[in-house]
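**Student:** Questions regarding the structure given below will be posed in turn.
Read-outs throughout are calculated quantities, based only on the coordinates presented, and are distinct from any laboratory measurement. Being a predicted model, the structure only gives us computed values, none of them experimental. Reconstructed Cβ throughout: ideal geometry from the backbone, glycine too, with neighbour counts over all protein chains shown.
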Amino acid sequence: MDDGVSFSLESWAAWAPGLSDSVSWQQWAETERDIPAHEELPDVSDLPAGLRRRLSRLGKMTLRVALDAGQAERARIVFSSRNGNVTEMLKLLQTLAAGDPISPTGFGMAVHNSLAGMLSIVTKNTQSQTAIAAGNESLCMGMMEALSLLREDPNEPVLLIHCDENLPDFYQPFQDTDVPVCALAMVLSVPNAARKSLSFRFSGHSTKVGAGDPLKSFLRFLATSSSEWSWTGSQGNWQCERHA
Amino acid sequence: MSEQELELKKLVIETLNLEDITPAEIDSEEMLFGDGLGLDSIDALELGVEIQKAYGIKMNAQNEDIKAHFASIRSLANFISSERQEKRAL
């Protein structure tokens, strides 16, 4: 196996119900607890009211972590999500099926790159944006995309945002039980002397049976000092390693 | 404030998810867009769809008068009343 792609993690921020700052994530990571699932909204009172009122919970989570991670004004953006604004999409499809006129706002917000767009409106960031949906490998494919962008232009950071919301009951057959209601944002840059570097790699070999969604274990890797993270998805084995 | 105006204010608040605003706080003659309530063009489309659903009145975006109808709650209420009367007369 090769050494993978090296990068530096400038900062990260995550939000889940009851977990909104780095201290709470560290405390969470030291236990074996699941990511909490109770109803709660992130605080987005710092956003303009006109924009806030159009955001679903997924939207509020996304903008919260993106702004908390920093550099959202200048970084290139990669947005990754398994299901995106699926709740809004379902509402639109049901309205269409009933033959009623659809909500223009709902239409605009249901597309997969809408939240990256909302972020760019808030931050006035005109850098490139990519939106990714790749099933249970969405987080890993988002990493690949972000690292590719860094290779293309190593001078500017990349902000990777990954988030998901509960899947509506209507889509129950597609439900993966352990997709958390959670958003993660990471500012990635090329390896530099200021920080420890990490490497991310993929091997097409499945070394073990895939174990659900990767976000929970990846967050635990970020919030603790463990040296390696590994997860197997449908395409193969993904690893992230922290260098000493 | 007429019944129609109150109903419209509630529809605007609910449709556009205007947090922390009550019908009493919207002046019927206040500008809905720009300086007044600060709504934008997507809000106008959204209101057009809701008014169509609630009152069966189709707003024609090509209509020259549409801007005047959407100016305030009062002008919108007057427009809806007259459209409904016209429909009844048919």
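**Student:** Please express the shape of the stretch A:13-85 as an equivalent ellipsoid: the semi-axes are the square roots of 5 times the eigenvalues of the C-alpha gyration tensor, given largest first in whole angstrom. Display every interim value, and only then the final one.
**Tutor:** Details: eigenvalues 97, 46, 33 Å².
Semi-axes (√(5λ), whole Å): 22, 15, 13.
**Student:** Take chain A, connect every pair of alpha-carbon atoms lying under 10 Å apart with a spring to form a Gaussian network, then pick out the residue of A:ALA13, A:ALA193, A:ALA223 with the largest mean-square fluctuation.
**Tutor:** A:ALA193
**Student:** Something else now. Can you tell me which lysines have their Cα less than 25 Å from the Cα of B:LYS9? Leave out same-chain residues fewer than eight positions away.
**Tutor:** Within the straight-line cut-off, B:LYS9 pairs with A:LYS91, B:LYS53, B:LYS58, B:LYS67, B:LYS87.
**Student:** Treat the count of other C-beta atoms within 10 Å as a stand-in for reagent exposure and order B:ILE51, B:ILE57, A:ILE161 from fewest to most. Spell out each step's value before the answer.
**Tutor:** Values: B:ILE51 23, B:ILE57 16, A:ILE161 27.
Ranking B:ILE51, B:ILE57, A:ILE161 by Cβ neighbours within 10 Å, fewest first, gives B:ILE57, B:ILE51, A:ILE161.
**Student:** Please list, in chain and number order, the residues 5+ apart from A:CYS182 or on another chain whose amide H is under 5 Å from its amide H, with Hs placed from the backbone.
**Tutor:** HN-HN under 5 Å from A:CYS182: A:ASP164.
**Student:** Something else: Looking at chain A as a GNM with Cα springs under 10 Å, which of A:ASP153, A:ASP164, A:ASP213 has the largest mean-square fluctuation?
**Tutor:** Looking only at A:ASP153, A:ASP164, A:ASP213, the biggest GNM fluctuation is shown by A:ASP153.
**Student:** Here's a follow-up. Going by how many other Cβ atoms sit within 10 Å of their own, how do A:CYS163, A:CYS240 line up, fewest first?
**Tutor:** Numbers: A:CYS163 31, A:CYS240 22.
Ordered by Cβ neighbours within 10 Å, fewest first: A:CYS240, A:CYS163.
**Student:** For chain B, state what percent of all Cα-Cα pairs lands in each successive 5 Å bin, counting from 0 Å until the bin that includes the largest distance.
**Tutor:** P(r) for chain B, in whole percents per bin: 3, 14, 26, 30, 18, 7, 3, 1, 0.
**Student:** Could you give the distance between the Cα centres of the stretch B:49-90 and the stretch A:49-67, to the whole Å?
**Tutor:** The stretch B:49-90 and the stretch A:49-67 have Cα centres spaced 32 Å from each other.
**Student:** Next question. Report D for the protein assembly as shown in µm² per second (integer): Stokes-Einstein, Kirkwood Rh on Cα pairs, 25 °C, 0.890 mPa s. Please report the intermediate quantities before stating the final value.
**Tutor:** Values: Rh = 22.3 Å.
For these conditions, the coefficient is 110 µm²/s.
**Student:** Still on this structure: Just want the ordering: A:ASP169, B:ASP43, from fewest to most Cβ atoms lying within 10 Å of their own Cβ. Write down the numbers at each step before the final one.
**Tutor:** On the way: A:ASP169 8, B:ASP43 23.
Result, fewest neighbours first: A:ASP169, B:ASP43.
**Student:** Taking chain A as a Gaussian network, where each spring joins two C-alpha atoms under 10 Å apart, which residue of A:ASP178, A:ASP21, A:ASP100 fluctuates the most?
**Tutor:** A:ASP100
**Student:** Quick one: net charge of A:HIS243's neighbours, Cβ under 14 Å, K/R +1, D/E -1? Could the numbers behind the result be given before it?
**Tutor:** Working: positive: A:ARG195, A:LYS196, A:ARG201, A:ARG242; negative: A:ASP3, A:GLU228, A:GLU241.
Taking every Cβ under 14 Å from that of A:HIS243, the sum is +1.
**Student:** Can you tell me, using C-alpha contacts under 8 Å and at least 6 residues apart, the relative contact order of the stretch B:3-89 as a whole percent? Spell out each step's value before the answer.
**Tutor:** Numbers: 70 pairs, mean separation 27.1, N = 87.
It rounds to 31 percent for the stretch B:3-89.
**Student:** Mean separation of Cα pairs under 8 Å and 6+ residues apart, divided by the residue count of chain A: what relative contact order is that in percent?
**Tutor:** Values: 463 pairs, mean separation 68.7, N = 244.
Normalised by residue count, the contact order of chain A is 28 percent.
**Student:** Quick check on the protein assembly as shown: helices-only [θ] at 222 nm, where DSSP H runs of length 4 and up contribute -39,500 (n - 2.57) each and the sum goes over total residues. Nearest 500, please.
**Tutor:** Working: 12 runs with 127 residues, N = 334.
-11500 deg cm²/dmol, from helical runs alone.
**Student:** Tell me, how many Å apart are the Cα centres for the stretch A:113-135 and for the stretch A:158-225?
**Tutor:** Cα centroid to Cα centroid, the span is 18 Å.
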